[in-house]
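Worksheet: one structure, shown below.
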Amino acid sequence: MSTLGVATIKSRASNTPPTIQDASDVEVGTFCRAWVATGDGGAITGSFNISSVSEPDANTKRINFTTAMPDANYCVVGSAGPGPDNDGPRYPTIRTVTSTYAEATYSDDASNNLVGITYWAIFR
């Protein structure tokens, strides 16, 4: 086993994350293209490649990318913390993906209320 200690890992192409390859030079993974953690009202508490989080309607959060994805063919992984009343789990439903943003609703199984705290990761 080897250990790699470097200050920077750089892709050979612009706007493309480096890939992880196995010993046969087969791509087996890539780095996260964007991620964000939000608090109540969409306030960003930590992020990478996210310009803003907005709420276009009462049940939707829109994650806007700083640098657009090449297209809408990417994976959005999301989770959510309890609502303001600390009243149980929340369930994300991805509604829309474009090259510039992703939208989802986060609701509980009973009242369909949007939660405050959300976590997103975007892979391509």
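Read-outs throughout are calculated quantities, based only on the coordinates presented, and are distinct from any laboratory measurement. What you see is a predicted model; the values in this text were computed from it and never measured. All Cβ positions, even for glycine, are placed from backbone atoms using ideal geometry, and neighbour counts span all protein chains on display.
General observations
- Stretching the chain fully between Ile9 and Thr67 yields a gain of 19.0 nm (0.36 nm per residue, less the alpha carbon separation).
- Across the range 52-60, coupling constants 3J(HN,Hα) worked out from phi with the 6.51/-1.76/1.60 Karplus curve, θ = phi - 60°, read 6, 10, 10, 10, x, 8, 5, 10, 10 Hz, and Gly and Pro carry x.
- Computed from the Cβ-Cβ distance with R0 of 30 Å, the FRET efficiency linking Phe31 to Tyr91 stands at 0.65.
- The residues packed around Pro70, meaning those with a beta-carbon under 13 Å from its beta-carbon, carry a net charge of +1 if Lys and Arg are +1 and Asp and Glu are -1.
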